Amino acid sequence: MISGRTRLVGLIGNPLAGSLSPRMQNAGFAARALDWVYVPLPVERHRVEAALRGLVGLGFAGANVTAPYKTDVVPFCDEADADSVNLLLVRNGRVLGSSTDAAALDGVTATRAAVLGAGGAALAWIAALERRGIPVVPFCRRADWPPRVDACDLVVNATPVKDELLFEPAPEQAVIDLPYNADGSPTALVEAARAARCRTVVDGPEVLVRQGAASFEAWTGVSAPLDVMRAALRP
């Protein structure tokens, strides 16, 4: 039951109809008995600045940002620690931006990585990998395409492509695939990576859970119920 004491967080992006984040985050709040609610906030590009100011004016605790606005919101944050952000915190009337996009990198080892894509998620992953001292080879359709990833032991698909296999995964590679199907079926890349017995395969729902859990903890200061949030993504 939403009341006058309920804390609000949301998801800024467009379109949002296929996002599983509201279901996942609200399941997490319920599991921790928190009087919080997570709502979709579809925003037109010309209203991004107004949306961030609205978070403050409406008393939101924060928000996530998804495609296509992860870089667009940065100039309108009072403070941002990255060029691409997916997490907004509202503190004392100020909007603070950061990124939890690459939370799924924890536990994955690599010496050379390929990142496929040119959007905000790709930028976040490139930055996270470089902070760990991992050389990164970026690939996007506007430049080097198709991706040549044979020399890389980690490949991150940060494109929205789900049904097309952009490269042939090899057993010695770790594969992290950001897109996901709302019905729970594997993407073409995840299916091929599992068939190839890649050393590590992290699919889109797990990427979503990891970044969502990091956002949950940043907003609430409470540990995220990972198992509950994973279960909420199942069809």
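For the stretch 1-121, just list the percent of Cα-Cα distances falling in each 5 Å bin from zero outward, please.
Reading upward from the zero bin: 2, 11, 19, 22, 20, 13, 8, 4, 1, 0, 0.
Beyond 15 Å, what share of the Cα-Cα pairs of the stretch 155-203 is found? Please give it as a whole percent. If you can, show how the numbers build up before the last one.
Working: 370 of 1176 pairs.
It works out to 31 percent of all Cα pairs.
Please report the Cα spread of the chain along all three principal axes, rounded to whole Å, starting with the longest.
54, 35, 30
Summarise the long-distance tail of P(r) for the stretch 103-202 by giving the % of C-alpha pairs beyond 17 Å. List each step's numbers first, then the result.
Values: 2263 of 4950 pairs.
In whole percent, the long-distance tail amounts to 46.
What nm value, rounded to one decimal, do you get for the distance between residue 164 and residue 79 when each label is placed 7 Å out toward the C-beta?
In this crude label model, residue 164 to residue 79 measures out at 4.2 nm.
Under 11 Å from the Cβ of residue 96, count the other residues' Cβ atoms, weight Lys and Arg +1, Asp and Glu -1, and hand me the total.
Working: positive: 91, 94; negative: 78, 79, 81.
So the surrounding residues net to -1.
Highest mean first, what order results for 166-175, 135-144 on Cβ atoms within 10 Å?
The peptides rank, most packed first, as 166-175, 135-144.
Please compute the volume of the convex hull spanned by the alpha-carbon atoms of the stretch 102-161 and report it per residue in Å³.
Numbers: hull volume 4.8 nm³, N = 60.
Per residue, the Cα convex hull of the stretch 102-161 comes to 80 Å³.
When the Debye formula is applied to the Cα atoms of the stretch 165-235, each taken as the same point scatterer, what base-10 log of I(q)/I(0) results at q = 0.23 Å⁻¹?
For the requested q values the scattering log ratios are -0.96.
Translational diffusion coefficient of the stretch 13-62 at 4 °C, 1.567 mPa s, Stokes-Einstein with Kirkwood Rh over Cα pairs, in µm²/s as a whole number.
It comes out at roughly 106 µm²/s.
Let me check I've understood the local charge: for residue 200, count other residues with C-beta under 12 angstrom from its C-beta, Lys and Arg +1, Asp and Glu -1. What total comes out?
On the way: positive: 194, 197, 199; negative: 106, 153, 172, 177, 203, 206.
Surrounding charge for residue 200 is -3.
Sorting 153, 227, 183 on the 10 Å Cβ count, fewest up front, what's the list? Please list the in-between numbers first.
Working: 153 19, 227 10, 183 6.
Sorted ascending by nearby Cβ count, the order is 183, 227, 153.
Calculate, in nm to one decimal, what residue 2 and residue 17 gain on full extension: separation in residues at 0.36 nm each, minus their alpha carbon distance.
Values: separation 15, 0.36 × 15 = 5.40 nm, distance 2.20 nm.
Using 0.36 nm per residue and subtracting the Cα-Cα distance, I get 3.2 nm.
No lab work stands behind these numbers, since they all come straight from the coordinates. The model shown is predicted, which means the values in this text are computed figures rather than measured ones. Glycine gets a Cβ as well: all are built from the backbone with ideal geometry, and neighbour counts include every protein chain shown.
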